[in-house]
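See below for the structure under consideration.
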């Protein structure tokens with residue numbers, strides 16, 4: 001597996017430099033704008049999977065590297081697993097970098113103390129896993145153009161949902177209820193006391209989502225022709 | 001001895017193209033050339049052997065092993081050259097070497113360095129700075145440096161200068177001096193096949209029209225020429241790719257003795273066809289000029 005992770009890192013080294021630069025700008029922006037920790041955590045949980053799953057794929061398609069990778073003595077299961085592990089390694093590295101950056105430059109002591117809580121890490125893990133589950137599977141099967149179409153379609157769907165939800169004043173509007181349940185779900189995770197049971201639930205949920213991501217992505221990738 | 005490659009009733013379907021019941025056999029220690037017009041299915045067949053493309057049905061065995069269940073083992077014994085070598089352009093040749101060396105247990109760094117010297121490959125140059133021909137040379141050096149038992153190459157001579165092409169064909173012959181080594185390569189350049197191949201497989205519109213030894217091909221196939229007046233419905237049964245002109249016809253036969261008998265007493269000429277003749281006449285089909 002290590003040789004595969006090394007291959008991923010060597011093949012994507014330019015992307016990694018861009019990624020590192022982006023992370024520096026991201027944390028400077030968080031610090032400069034005084035973004036609350038909870039908001040930063042949600043941003044981070046969406047930005048990192050997007051970067052890891054999508055931008056690396058863009059390079060891959062440019063150089064048609066999957067053709068090369070799929071001709072090496074390995075199987076597609078290993079290739080998918082290596083990509084998933086590399087993505088998580090990068091995401092954790094970015095998380096730790098954010099933590100160090102905040103320890104050095106963040107003026108708000110509450111921000112750092114929240115950052116150091118295990119609950120924050122586990123919430124990041126769960127939210128990122130959920131977003132990665134969608135992006136990773138989609139990008140590995142349909143490529144960059146597919147994921148862009150998917151994201152645009154989601155955005156359009158989101159706008160339509162918001163418009164329809166705001167058009168009706170009825171409190172029982174099903175779309176409003178749906179949106180509120182999402183917001184309440186996110187709030188539930190962010191506000192819940194970090195009891196051991198809750199932390200375990202976060203960890204198990206994140207693990208389950210990642211296992212599903214791996215299995216589903218492999219199922220899709222195995223059917224792709226190069 | 002197990003054949004290096006055995007394909008049985010292989011099928012692959014795309015929206016506008018299909019490989020139909022492909023069957024062929026390549027014994028170990030020989031060179032097979034795969035020819036056919038553009039879009040005939042050569043690249044698809046090579047990708048199916050490597051399981052880079054999913055088949056609809058059929059069976060592919062490499063060294064007697066199923067290519068789906070023993071994918072990794074088989075690939076570790078194959079030296080693959082893609083028609084368009086894909087490498088990240090900002091990597092250097094030596095970085096590609098470092099990457100490949102970890103995937104092949106029999107990787108031979110000394111051999112790679114020696115091939116780089118022989119092929120004029122600069123280790124410190126980035127891929128982006130290499131010409132198409134040099135990228136192909138890199139691909140070949142990589143394929144030859146892990147002691148592969150089977151060289152599988154898709155148009156390896158395309159983009160190479162004639163001098164290097166000859167050197168490369170000589171190298172193929174050197175490779176198979178070891179009886180366990182086998183080569184399968186696709187090409188459009190029929191003279192390469194005449195020079196190097198032991199077996200020739202012709203593929204057209206997703207079907208194999210023939211797959212046999214080069215000697216058998218030239219012993220049994222013939223280029224038939226004669227006057228148009230002797231061509232009738234019955235005689236055309238023995239001929240393929242008939243081309244008529246005001247001066248007579250030209251056609252191929254897969255059995256020149258049969259044609260000799262069928263046209264006994266008639267004024268025909270049977271020549272030894274070149275691979276170019278075979279490819280041209282088979283791909284064009286019947287033409288009346």
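Structure values in brief
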{"quantity": "Pick from region A:208-226, criterion away from chain B (no Cβ under 14 Å) and touching a helix residue (DSSP H, G or I) at 6+ places or on another chain (Cβ under 8 Å), ranking: farthest from residue B:69 (Cα to Cα)", "calculated": "A:209"}
{"quantity": "Subset of region B:61-73 [loosely packed, with under 14 Cβ neighbours inside 10 Å and part of a strand (DSSP E or B)]", "calculated": "B:66"}
{"quantity": "Any chance residue B:102 is more than 15 Å from residue A:69 (Cα to Cα), surrounded by fewer than 22 Cβ atoms within 10 Å (Cβ to Cβ) and at pLDDT below 90", "calculated": "no"}
{"quantity": "All positions within region A:66-79 that are over 21 Å from residue B:82 (Cβ atoms) and either at the interface with chain B (Cβ under 8 Å from one of its Cβ atoms) or modelled with pLDDT under 90 (or both)", "calculated": "none"}
{"quantity": "Answer residue from region B:68-83, given it is free of Cβ contacts under 8 Å to residues at least 12 places away in the same chain and more than 8 Å from chain A (Cβ to nearest Cβ) and is farthest from residue B:150 (Cα to Cα) among those", "calculated": "B:69"}
{"quantity": "All positions within region B:101-124 that are within 8 Å of chain A (Cβ to nearest Cβ) and under 27 Å from the mean Cα position of the chain (by Cα)", "calculated": "B:103, B:104"}
{"quantity": "Test: residue in region B:126-135 that is under 20 Å from residue B:167 (Cβ atoms), crowded, with 16+ Cβ neighbours inside 10 Å and within 14 Å of chain A (Cβ to nearest Cβ)", "calculated": "yes"}
{"quantity": "Residues within region A:14-59 that are within 14 Å of chain B (Cβ to nearest Cβ) and in contact with a helix residue (DSSP H, G or I) (Cβ under 9 Å, 6 or more places away or on another chain), tallied", "calculated": "8"}
{"quantity": "Qualifying residues in region B:145-174 (those that are over 26 Å from residue B:130 (Cα atoms) and touching a helix residue (DSSP H, G or I) at 6+ places or on another chain (Cβ under 9 Å)) - the one surrounded by the most Cβ atoms within 10 Å (Cβ to Cβ)", "calculated": "B:150"}
{"quantity": "Odd one out for residue B:58, checked against (1) at pLDDT 90 or above; (2) within 12 Å of chain A (Cβ to nearest Cβ); (3) not in a helix (DSSP H, G or I)", "calculated": "(2)"}
{"quantity": "Unique residue being surrounded by 20 or more Cβ atoms within 10 Å (Cβ to Cβ), in contact (Cβ under 8 Å) with a residue 60 or more places away in the chain, in a strand (DSSP E or B) and touching a helix residue (DSSP H, G or I) at 6+ places or on another chain (Cβ under 7 Å) when the list is B:19, B:10", "calculated": "B:19"}
{"quantity": "Number of positions in region A:81-107 that are within 14 Å of chain B (Cβ to nearest Cβ) and at pLDDT 90 or above", "calculated": "1"}
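The values are calculated or read from the model by the stated rules, or taken from the named source; none is laboratory data. All values reported here derive from a predicted model rather than from experimental measurement. Here Cβ is always computed from backbone atoms with ideal geometry, including for glycine, and neighbour counts include all displayed protein chains.
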